[in-house]
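Presented below is the structure to which this report refers.
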Amino acid sequence: MLKIGEIEIERINDARIWADTGGVFGLVPRALWSRVIEPDEQSRVPMDHWCLLVRAYGKTIVVDTGLGTKLSEKQIRLMSLTRPQGSLVEGLARLGVAPEDVDLVINTHLHADHCGGNTCLKDGEIVPTFPNAEYWVQRLEYADAAFPNERTRGTYFPQNYAPLYESGQMRLIDGDVEVVPGMRCVVTPGHTRGHQCIVFEQGEQAALYVADLASYAIHFARLAWMTAYDVEPLVTLETKRNWQRWALARDAILIFEHETLTPVGRLTGENGKLSVQPLSLE
């Protein structure tokens, strides 16, 4: 567990998949990224789905919900999806949290691997996984998800969010918003136009839930490294530049959503030679 002031943060891995390296590393040459991580025989690398359970000021908050349990057998097979620790809901149960206990769900964005667990199937019907929770996402993100184009419609699936909007359970937020004292949503565009990260700051302590601003730690440390999934890669670069400065100035803890080797770390270095040093929360 990580504690930032009065805020308690637990990490729960919803799933591990294997993703094509062309997507994960985009234009970065294989000769460079292969020094960081070894691909399998199909040129794929592993990606985890670390969601957050946040307890603060009497609130139980979940940040991102992973791939969820509505996937078909074909989808599971294509991604080589495994759940060594069970699903997000099972991980919450181990920590004593039932779906009904969750007050708030925050989606960093609405790609299927970040909000698939928003809803689930019950008796053949799509229902909210967290029936008593309000769901937050950026208004611009919801607009882009509601009207996808040929590039984005392969990852925006209405069953993950439209029923929540229609029922009034989803709140569309505009810009940076405080969640509870010391925790806020901050807009971090590039991966999508309405992508947001989560900042925790109390006293001398600071942490950033990076989400898809940087899939792996190496993406955060190296400005030019980004995935092929980013819709505005040059915006991603400048957004990362800003948050690199913040992370160095605050000596912040970085929590990566998809990282398998360095899921938590701190940015260190100078003169442009930056790296993320792993940090154990045990």
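Read the figures in this text as sums done on the coordinates, not as results from a lab. Everything numeric here is computed off the predicted structure, so don't read it as measured data. Neighbour counts run over all protein chains shown; Cβ positions are idealised from the backbone, glycine included.
For the ranges 240-249, 208-217, what's the packing order if you count other beta-carbon atoms within 10 Å of each residue, average per peptide, and put the highest first?
Numbers: 240-249: 16.1, 208-217: 26.6.
My ranking of the peptides, most packed first, is 208-217, 240-249.
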Taking R0 as 35 Å, what's the FRET efficiency between ALA143 and ARG241 from their Cβ-Cβ distance, rounded to 0.05? 0.85
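Counting pairs of alpha carbon atoms under 8 Å apart in space and at least six apart in sequence, what relative contact order in percent does the chain give?
17 percent
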Using 0.36 nm per residue of separation minus the Cα-Cα distance, give me the extension gain between GLU90 and TYR57 in nm, one decimal. 9.5 nm
Point-to-point label distance, LEU32-THR152, nm (Cα→Cβ direction, 7 Å offset): 2.7 nm
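Take the alpha carbon gyration tensor of the range 135-239, find the square roots of its eigenvalues, order them as a ≥ b ≥ c, and report rounded if a/c is under 1.5; if not, report prolate when a/b exceeds b/c, else oblate. Working shown, then result.
Working: a/c = 2.42, a/b = 1.12, b/c = 2.16.
It is oblate, given that a/c is not under 1.5 and a/b is not larger than b/c.
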Take every Cα pair under 8 Å in the range 128-224 that's 6+ residues apart, average their separations, divide by the length, and report that relative contact order as a whole percent. 21 percent
Once fully extended, how much extra length lies between VAL127 and GLU41, figured as 0.36 nm per residue of separation less the alpha-carbon to alpha-carbon distance? 27.1 nm
Between the range 69-104 and the range 1-36, the Cα center-to-center distance that results, in Å: 18 Å
Taking a ≥ b ≥ c as the square roots of the eigenvalues of the Cα gyration tensor of the range 111-195, is the shape rounded (a/c under 1.5), prolate (a/b larger than b/c) or oblate? oblate
With both bridge residues required to lie in the range 2-278, what share of the DSSP beta bridges run antiparallel, to the nearest 5%? 80 percent
Enter the Cα centre distance for the pair the range 224-257 and the range 108-149, rounded to the nearest angstrom. 24 Å
If amide hydrogens are placed 1.01 Å from N in the peptide plane, which non-local residues have theirs closer than 5 Å to the one on GLY26? ALA228
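For a quick protection proxy, order the peptides 182-190, 116-124 by their average other-Cβ count within 10 Å, most packed first. Walk me through the numbers before you get to the answer.
Working: 182-190: 21.0, 116-124: 18.3.
Answer by packing, highest mean first, reads 182-190, 116-124.
Once every DSSP H run of n ≥ 4 in the chain is given -39500 (n - 2.57) and the sum is divided by its residues, what mean residue ellipticity at 222 nm do you get, rounded to the nearest 500 deg cm²/dmol? Working shown, then result.
Details: 9 runs with 64 residues, N = 282.
Only helices count here, giving -5500 deg cm²/dmol.
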